[in-house]
Amino acid sequence: MCDTPSEWTFEEARKQWTTMVRPVQHVGVPGYQFQAGVMWDGSLVFGPLHFLDLKVMQQEIAPLGDHFLHLSVAYGDPMRFADRKGTGTQAIRRSLEGGRLPIPHVITRNGDLDWQESVFAHLLGRPYEEGMTPQSSDILVVRTRFKVRNTGHARRTGHLWLHFGDTSQVYFGYKCKQGEEIAPAISHRYASPYGLMEDKIRYILPTPGKGTVRWHDAVSHAEGIQGTPRNVIEWEVPLAPGEEAEITLTVPYGLISPENADKLLKTDWEGDFREACRFWEKLLYGPGQITTPDPFINDYLVAVAGQMAEQVAYRTHSTKVWMYKTSPNHYEGYWPCNATKALPTFDLRGLTEISRRVLQSFIDCQTDDVRGMEKGVMGRDEKLPGEGFARLNGFLGNFGEWTANPVLLSHGLGLWAIASHYRITRDKKWLGSGPGSPLESMISGFEWVSAQRRRTMRDENGQKIPYWGLLPAASAHDWLAGNTIFNDAFCLYGMAEVVRLLREINHPRAEELAGELSDYRACLRDRYREARDRARTIPLPDGTSLPFVPRIVQELDWIKPDWTYTGYGPLRAGAWGALEPDDEMVEQSLAFLEAGMPQGEGPYFAAHKDYADIADINWADISDPAAERHHMWRHYVEYETMWPIGAPLFLARDDLPRFFEWLFHNLSVALHPDWRVGVESLDGVPSCAPGDGERWQAIRRMFVNERGGYDGSQQSLWLLQAIPRSWLRPGSRMAITDMGTYFGGNLNLEVQVSDNGDSVRATVRLKNLSVLPTEIRLRLRSGDGRPLASILVNDNPAKLLEGDTVRLPLKKNGTYQVVGGF
């Protein structure tokens, strides 16, 4: 580990990481179920790639025909693939339109020629807005323009090469890559302007205004690839110094009729591009804007909603279900837990029409069937020992064959997401009552947990079993199953949000369910204290030891957990309130992870050896077999970045030093900066829910944070809780615009640091809160570490509280002018 600064900055954190080199961006339309992948070198991928081999997926892709396509792009003479492997070459630069819209650009330098590839998608013959009312006849169309410019002082000839291959050489899984071999060509032929497959059209390549388009049965010499590219199209174009030329390519998501191809041929690329920009700008620049002093973070915060919206899909031909996919083209099966954790990002930004469709499918699919959840290995192994689950209606984690892994946390987070949606929107008509309503769905889901945990309230040999009062053994992630704190904690998280909602609407059963919640939390705490006291302790170099809090009550040795999502189970329980954030078991788990494991014991990473040519090299220093200690995270960034612990845990604990360390290190390595897209593991599954939604929510909580209430009681509202000093330099400005809150209504917030840095002014405007928080607390920090010395609220002196905070008057509507001096 490096020397730790007094407070981490983005600039310092970036120095500690090797950045990722294999970004993938996706283009699509919200509501349409498939998206095309744009690879780091400009290659295009039309999947979904084969994963899990779902029968329902075969129903969805059948109408597309033989649509699988890996379009590889090369330049120059001879044909050269600039960076198929993904090494981060300086010859390729990437960006998004305006730095924010999900319209990627790939600029490749080939001698004096700059080639810019631009890609966007739209529906054939339907406006973007109608994607959320999908039709079975919808056709997604991917539009690409290649524009070349001669930047030199002499005439040059440009060469663009397009290879239409199958998808056998593309991997979007735990690590993204393109195979070294060129893929077998699809059986197409080019008869200008159409690419033909049998009697259908696969692509449209109109004759360009300049240059010559040629067909090659084979290209005998190609650089940067193994094998012989076949059925290749070349565009050769002579260019004077400073001259530009362009060619466009249209690829529908599947085979289309000649009639539809004729319609596409008549469209205007530039006009359709402007329409794409209009749609995305309208979607992205609505309520819920966050402005910081950092331009990159500002771009990312805007871009997140577009990348998320593209992954909201309606399964048109099979089960008619809405889902927010974990990641396009690979995780096309459904992990409902991943969707739920990110959905409030839509609601807080005013994009209710997107999240509501996904939530409705949770309600519609509520069932008494747990779909093999009582088994291991993604519900496909032999039945786990234990009580199993009673067949009772209320389970929220079964979406039929779409369900990639039936897990209990999908149920708990389903409860949380439905309750959160109401608390943000306060739409009583949507909440409803009676059978089939969201309200009844939440109560039924709550009662389902209560009934299932009673199955474990039994004794053996006169003593309570180790998991007494917890849920029966169930799947927790791909290969882990059992009585895990991971499962119970997220069910408690959802149940607490339901209790809070019921109390807010004065529901007659609110206190009854609150009592059940309290009993369940006590059981979790007691069972894991008992397990901790039985567990092997962690030895420290000075001869002392630390207690070990296990992730499963029966798993009593710290060499068992690994770096996957469940490995940090006790911390997740503290991060999301199943345990209090300052509970001794949270403290002990944090101490264990910071101290690390002794040499030769516990799990080591192999990834940095297997993938030394990509960003996994970052894990080498924390997993060195020659070192005295090794660790499961680096600067609080987990190897699997999709479910970050740092933000909710450290904000709940009001631990700003650790929070800033997590924040800036996560942003430094878990995002592809050029395309503003997060991953599951480094250089792995791209555009991954819930990671991007979680990061957005984390940064929002720095400004607007609904804290506490882990027992289902009302929360407090903290403003400017965690603003880093690097953002509070003289003259700095920040703002929150029309941000939704969990108390209903919205909030505006403006921050201005004086030119000399001696004071900070914050303007807070609350509008139409439906319920009052327990308190409104605002923190004003200085940019140089000086404590707050004076505070004025609406020109009146106010009492300074601990941690540079002040308590604001409780109002549902109000404006506060707060000035702090240092």
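The values are calculated or read from the model by the stated rules, or taken from the named source; none is laboratory data. Predicted model only: the values in this text are computed from it and were never measured. Neighbour counts are summed over all protein chains in view; Cβ atoms, including those assigned to glycine, are modelled from backbone coordinates with ideal geometry. Note: accessible area is taken over every heavy atom of the protein model, side chains too, but ligands, DNA and RNA are not part of it. Shrake-Rupley method; radii C 1.70, N 1.55, O 1.52, S 1.80 Å.
Here are the numbers:
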item: Flag if residue 487 is in a helix (DSSP H, G or I) and either surrounded by fewer than 19 Cβ atoms within 10 Å (Cβ to Cβ) or touching a helix residue (DSSP H, G or I) at 6+ places or on another chain (Cβ under 7 Å) (or both); result: yes
item: Residue in segment 651-668 that is touching a strand residue (DSSP E or B) at 6+ places or on another chain (Cβ under 7 Å), among the hydrophobic types (A, V, I, L, M, F, W, C) and within 28 Å of residue 312 (Cα to Cα) present; result: no
item: Where a residue in segment 225-237 is charged (D, E, K, R) and modelled with pLDDT of 95 or more and its partner, wherever it lies, is open to solvent by 20 Å² or more (accessible area, probe 1.4 Å) and not in a strand (DSSP E or B), with Cβ under 8 Å and at least six apart; result: 230/184; 236/211
item: Matching residues, segment 79-98, being out of contact with any helix residue (DSSP H, G or I) (no Cβ under 7 Å at 6 or more places or on another chain) and aliphatic (A, V, I, L, M); result: 79, 82, 91, 92
item: Meets criteria (of a type in the set (D, E, K, R), modelled with pLDDT under 95 and assigned to a helix (DSSP H, G or I)) for residue 263; result: no
item: Among (1) over 23 Å from the mean Cα position of the chain (by Cα); (2) of a type outside the set (D, E, K, R); (3) farther than 30 Å from residue 36 by Cα, the one test that residue 408 misses; result: (1)
item: Residue in segment 237-245 that is in contact with a Phe, Trp or Tyr (Cβ under 7 Å, 6 or more places away or on another chain) and buried (at least 19 other Cβ atoms within 10 Å of the Cβ) present; result: no
item: Wholly enclosed strands (runs of 3 or more DSSP E) of segment 119-211 bearing at least 3 residues free of Cβ contacts under 8 Å to residues at least 24 places away in the same chain and surrounded by 15 or more Cβ atoms within 10 Å (Cβ to Cβ); result: none
item: Residue that is farthest from residue 62 (Cα to Cα), among those in segment 316-330 that are over 21 Å from the mean Cα position of the chain (by Cα) and touching a residue at least 24 places away in the same chain (Cβ under 8 Å); result: 319
item: Single residue of 383, 429, 375 found to be surrounded by 14 or more Cβ atoms within 10 Å (Cβ to Cβ), basic (Lys, Arg) and at negative phi; result: 375
item: Hits in segment 54-79 (condition: within 30 Å of residue 153 (Cβ to Cβ) and crowded, with 18+ Cβ neighbours inside 10 Å); result: 73, 74, 75, 76, 79
item: Of residues in segment 575-598 being open to solvent by 50 Å² or more (accessible area, probe 1.4 Å) and not in a loop (DSSP other than H, G, I, E, B), the one nearest to residue 526 (Cα to Cα); result: 584
item: Test: residue in segment 415-434 that is closer than 27 Å to residue 318 by Cβ and in a loop (DSSP other than H, G, I, E, B); result: no
item: Within segment 599-672, helices (runs of 4 or more DSSP H) holding 2 or more residues that are modelled with pLDDT of 95 or more; result: 646-652, 656-669
item: Residue tally, condition open to solvent by 10 Å² or more (accessible area, probe 1.4 Å) and either touching a helix residue (DSSP H, G or I) at 6+ places or on another chain (Cβ under 7 Å) or assigned to a loop (DSSP other than H, G, I, E, B) (or both), over segment 553-574; result: 8
item: All strands (runs of 3 or more DSSP E) inside segment 738-813 with 2 or more residues being small (Gly, Ala, Ser) and touching a residue at least 40 places away in the same chain (Cβ under 8 Å); result: 759-767
item: Candidates 260, 338, 298 - the one that is open to solvent by 10 Å² or more (accessible area, probe 1.4 Å), among the polar types (S, T, N, Q) and under 18 Å from the mean Cα position of the chain (by Cα); result: 298
item: Subset of segment 711-727 (residues that are surrounded by fewer than 21 Cβ atoms within 10 Å (Cβ to Cβ), closer than 21 Å to residue 6 by Cα and of a type outside the set (Lys, Arg)); result: 726, 727
item: First in segment 720-735 and without any contact (Cβ under 8 Å) to a residue 40 or more places away in the chain, second anywhere and open to solvent by less than 30 Å² (accessible area, probe 1.4 Å) and assigned to a strand (DSSP E or B), Cβ under 8 Å, 6 or more apart; result: 731/753
item: Verdict on residue 493 being closer than 29 Å to residue 375 by Cβ, open to solvent by less than 10 Å² (accessible area, probe 1.4 Å), hydroxyl-bearing (Ser, Thr, Tyr) and not in a loop (DSSP other than H, G, I, E, B); result: no
item: Inter-residue pairs, beta-carbon under 9 Å, first on the phi > 0 side of the Ramachandran plot and in segment 554-578, second among the small types (Gly, Ala, Ser) and part of a helix (DSSP H, G or I), 6+ apart; result: 577/489; 577/496; 577/652
item: Members of segment 52-92 that are within 28 Å of the chain's Cα centre (by Cα), assigned to a loop (DSSP other than H, G, I, E, B) and on the phi < 0 side of the Ramachandran plot; result: 54, 67, 68, 83, 84, 85, 87, 89, 90
item: Within segment 269-375, helices (runs of 4 or more DSSP H) holding 3 or more residues that are polar (S, T, N, Q); result: 352-364
item: Flag if residue 309 is under 15 Å from residue 687 (Cα atoms), of a type in the set (A, V, I, L, M), over 13 Å from the mean Cα position of the chain (by Cα) and at pLDDT 95 or above; result: no
item: Count - residues of segment 350-375 that are over 22 Å from residue 392 (Cβ atoms) and either modelled with pLDDT under 95 or of a type in the set (Gly, Ala, Ser) (or both); result: 2
